[in-house]
Amino acid sequence: MNAELKFIHLLFLRRRQWHDTLMKFPAAALTLVVCLLSVSCAAAPAPLALGTVGPAPRGVAPVAATGTLVVFSAFETGVPGSFAPDDVRHHGDYTLVDASGQKLRNVRNRAGGFGEDPLSLSLAPGTYEVRARANGFGAVRVKVVVAADRTTVLHLEGGASWPADSAFTADNAVRLPDGQVIGWKSDSPDAR
C-alpha cells in the first residue's frame, strides 16, 4: 500500500512540474499547441484537379438519346446502411456541381441488378464538375462537358478498357498523373 501511495505522489509531482514549466514559458506552450494543430489540419490533402472531360468523338462511341454522364468512380465495398457482405463491389458515390460552383446533387452511383454498374445520368447540355474518388489518387475534381445526344464517360476506377483505346493521343485525352486515360479531352476537335 505504501508503494502505491508513493507512485501516486510521484505522478502528481511530475504533473505539477510540467504545469510549472509551461507557465514559465507561455510562448513555448503556445508554439507547441499551434504546431500540433497545424499538423492535424495538414493531414487531409486537397483534391486532385484534372483536365476537362468531354463526350467521345462522333463515330467512336454509340450515340445516346439525351445528354448522358457516366462516372466509373473508384470502387467501394458493401452497401452503406445495409447488412450486405463486404465483397459487394460498387462504384462510389459522387457530387455533381454546376458551372457556377453550386452543388446540384449527391449521386448514388449504382445501377444494374446488383448495383455493380455506374449510373447513366441524364443531364441538360452544359459544363459540370464531378467530385469523386479515383482509384490510387483519392479525391479528384474533374470538369465534364455534357452535350445533347452524346454520352460523356469518366473512368476513375483504374484499369479502364476503352473500346477505341488506339484513338487516344496526347492531344485528345485527359489522364491521371500515372498516364491512365480517364476520358476524352473536351477541347479536342473530335469531342465537340
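Just name the residue that is modelled with the highest pLDDT out of those in region 130-157 that are part of a loop (DSSP other than H, G, I, E, B), closer than 20 Å to GLY92 by Cβ and touching a Ser or Thr at 6+ places or on another chain (Cβ under 9 Å).
LEU156
State yes or no: is ARG108 under 26 Å from ALA46 (Cα atoms), surrounded by fewer than 16 Cβ atoms within 10 Å (Cβ to Cβ), among the charged types (D, E, K, R) and modelled with pLDDT of 90 or more? Spell out the reasoning first.
Working: under 26 Å from ALA46 (Cα atoms): yes; surrounded by fewer than 16 Cβ atoms within 10 Å (Cβ to Cβ): yes; among the charged types (D, E, K, R): yes; modelled with pLDDT of 90 or more: yes.
Considered against the rule, which asks whether it is under 26 Å from ALA46 (Cα atoms), surrounded by fewer than 16 Cβ atoms within 10 Å (Cβ to Cβ), among the charged types (D, E, K, R) and modelled with pLDDT of 90 or more, ARG108 comes out as yes.
Restricting to region 53-103, and then to whatever is in a strand (DSSP E or B), of a type outside the set (Phe, Trp, Tyr) and at pLDDT below 90, can you tell me which residue is farthest from VAL146 (Cα to Cα)? Spell out how you get there, then give the answer.
Going through region 53-103, the residues in a strand (DSSP E or B) turn out to be 53-54, 68-72, 75-77, 89-91, 94-98, 103.
Then keep just the ones that are of a type outside the set (Phe, Trp, Tyr); that gives 53-54, 68-71, 76-77, 89-91, 95-98, 103.
Pick out the ones that are also at pLDDT below 90 and you get 53-54, 76-77, 89-91.
Details: VAL53: 9, GLY54: 7, GLU76: 26, THR77: 29, ARG89: 27, HIS90: 24, HIS91: 20 Å.
Only one residue fits best here, namely THR77.
How many residues, within region 158-178, are under 21 Å from ARG133 (Cβ atoms) and either aromatic (Phe, Trp, Tyr) or at pLDDT 85 or above (or both)?
Number satisfying all stated conditions: 7.
The values are calculated or read from the model by the stated rules, or taken from the named source; none is laboratory data. All values reported here derive from a predicted model rather than from experimental measurement. Backbone-built Cβ (ideal geometry, glycine too); neighbour counts: all protein chains shown.
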